[in-house]
Every structure is written in C-alpha cells, then in structure tokens.
Amino acid sequence: DAKTTQPPSMDCAEGRAANLPCNHSTISGNEYVYWYRQIHSQGPQYIIHGLKNNETNEMASLIITEDRKSSTLILPHATLRDTAVYYCIVSLSGGGADGLTFGKGTHLIIQP
Amino acid sequence: SAVISQKPSRDICQRGTSLTIQCQVDSQVTMMFWYRQQPGQSLTLIATANQGSEATYESGFVIDKFPISRPNLTFSTLTVSNMSPEDSSIYLCSAEVRGTEAFFGQGTRLTVV
C-alpha cells in the first residue's frame, strides 16, 4: 500500500502557483520524498525529490516539513500543460531500485 | 536522462491469445520494471526485470501469466498470456537511471475482446 495521502483533485488558475500537499506521516529517516506526474495518455514523468531540505529545480519546488511528515510540491506559474495527475511517493532508493509504489495521486486541473 | 521506447503502443487482442510487449532503453540501465495501469487507476508494479535471471514478481502477479525476459541491459519484454478482458490495461516499462529517478515509456494500451 502507498505510504502517502493526497487530495484526489485540485483546481488552480493559469499563471498562479499550484501547491499540492502530501502527507507521509510514517516516513522513515532514510526514505526520500519523490514527486512524479502523469499527463493524460503518457507515462509518468519525474519532477523532483528530497530527503530533508527544501529543493528547487526548473520544474518545481519541494517543501518538506521539519518533522518530514508532510510535504508540498509547488508549481510556481502553472500553465494548462501542467494539468496532470501528480503522485507523491516515498522511497528508500533513488528512483525506486525496488520499483515505485504509486498511490492514487492528485488530479490537478489548471483553469484558463 | 533515458529514452524508453515501447512497442506496440496499442493493440486489440482476442481473448485466449498472448501479446508480447517490447521495451528498449537508449542506454544501459541496471534496473528495469514493468507496471500495469488498469482503467482509471494508478500504476501497480508487476515485476522487476532482472538481467540474466528470472524476474522478481510482486504479490498477485505470476510468471505463467506475465513471463518477462531481459537478455541485456537495454531491452526487456513482457508477455501477457492467455488474455481475458480483465487484462485490458496500459502496461508501462520503466528504468531507473543514476539512482535518482525513474524513466517511463509511453505505455502499451491493451484491449482484450
């Protein structure tokens, strides 16, 4: 079973920041938080990952709480192309050397 | 990064037949995986494709139904055997690269009639 809890759906206006929450209260000390997204009819795409510190790349920012029991993925300026299902995954190994356990994810809909 | 190509991209098959899906990675990778995504659902790991040895299957998946081959570090196949309509799903190949992220193919959309 997935070790994360996410809201099933969210809306966001185009051009605004999209903030996607994830709860992972049972995360262990050496597990990473990974975010992937799946645009309709495509395979999942890696977004970002982190262990303790906040992370930022060209796609998004990841904010992890100090107790590591929750995190937020931030898409700073959402576009219509960001409409997708976003999956928050906790994993011991980078990228999932044992495979990844996907939960139900959050269906993010960007509104024009 | 890695580019993962799957063939076929989609197929419609008769029940009782088998379909073999191919997955080609454009670079050598250590770990390759197969996932199933049933209609409207999330992805479920079927198995880890091990190079030169038998695949490691997750609970609920068996080798007789989903035989997997991995002859080298860039190629794997998944066969869906003796298909029934319940096997209608998207099947995705994945590879872990550099230990930091997983890359996925575009998937094979299978419909069993």
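Just so you know, all these numbers are worked out from the coordinates, no wet-lab data involved. Computed from a prediction, not measured in an experiment: that's the story for all the values here. When we count neighbours, we look across all protein chains shown, and the Cβ atoms used for this are built from the backbone with ideal geometry, even at glycine.
A few comments on the model shown:
- Low-density loop positions, trypsin sites (Lys or Arg not before Pro), the range A:1-61 - DSSP coil, at most 13 other Cβ in 10 Å: A:16, A:52
- Assuming charge only on the beta carbon of Lys and Arg (+1) and of Asp and Glu (-1), the dipole of the protein assembly as shown about its Cα centre is about 280 debye to the nearest 20.
- Taking the convex hull of Cα positions in chain A, its mean projected area over all directions (nm²): 6.5
- Here's the list of aspartates and glutamates a cross-link from residue B:65 could span, going by alpha-carbon distance under 15 Å and ignoring same-chain residues fewer than 8 apart: B:54, B:86, B:87.
- Note on residue B:1 and residue A:54: with the Förster distance fixed at 25 Å, the Cβ-Cβ geometry gives a FRET efficiency of about 0.60.
- Long-range tail of P(r) for the protein assembly as shown (Cα pairs > 21 Å, %): 55
- Our estimate of slack between residue B:84 and residue B:100, defined as 0.36 nm per intervening residue step minus the Cα-Cα distance, is 2.1 nm.
- If R0 equals 41 Å, the separation of the Cβ atoms of residue B:27 and residue B:62 corresponds to a calculated FRET efficiency of about 0.85.
- Put a dot 7 Å past the Cα of residue B:53, heading toward its Cβ, do the same for residue A:40, and the two dots end up 4.3 nm apart.
- The range A:65-112 versus the range B:55-112: alpha-carbon centroid distance in Å: 23
- Which of B:53, B:99, B:85, positive extreme of dipole for the range B:1-105 (C-beta unit charges): B:85
- Computed from the C-alpha gyration tensor, the three semi-axes of the ellipsoid equivalent to chain B are 22, 14, 13 Å, from longest to shortest.
- Exposure proxy shown here: for B:36, A:68, the number of other Cβ atoms within 10 Å sets the order, fewest to most, as A:68, B:36.
- Charges were assigned to the Cβ only: +1 to each Lys and Arg, -1 to each Asp and Glu. The resulting dipole of chain B about its Cα centre is roughly 220 debye.
- Total charge dipole magnitude, chain A, about the Cα centre, Cβ charges on Lys, Arg, Asp, Glu only, Debye to nearest 20: 80
- The fewest-to-most ranking of A:107, A:77, A:49, A:24 by surrounding Cβ atoms within 10 Å reads A:77, A:107, A:49, A:24.
- Those lysines that a straight Cα-Cα span of less than 23 Å connects to residue A:69, excepting residues fewer than 8 apart in one chain: A:3, A:52, A:104
- Relative contact order, percent, chain B [alpha-carbon distance under 8 Å, six or more residues apart]: 37
- Sequence-distant contacts, meaning Cα pairs under 8 Å at least 6 residues apart, place the relative contact order of the range B:1-46 at 33 percent.
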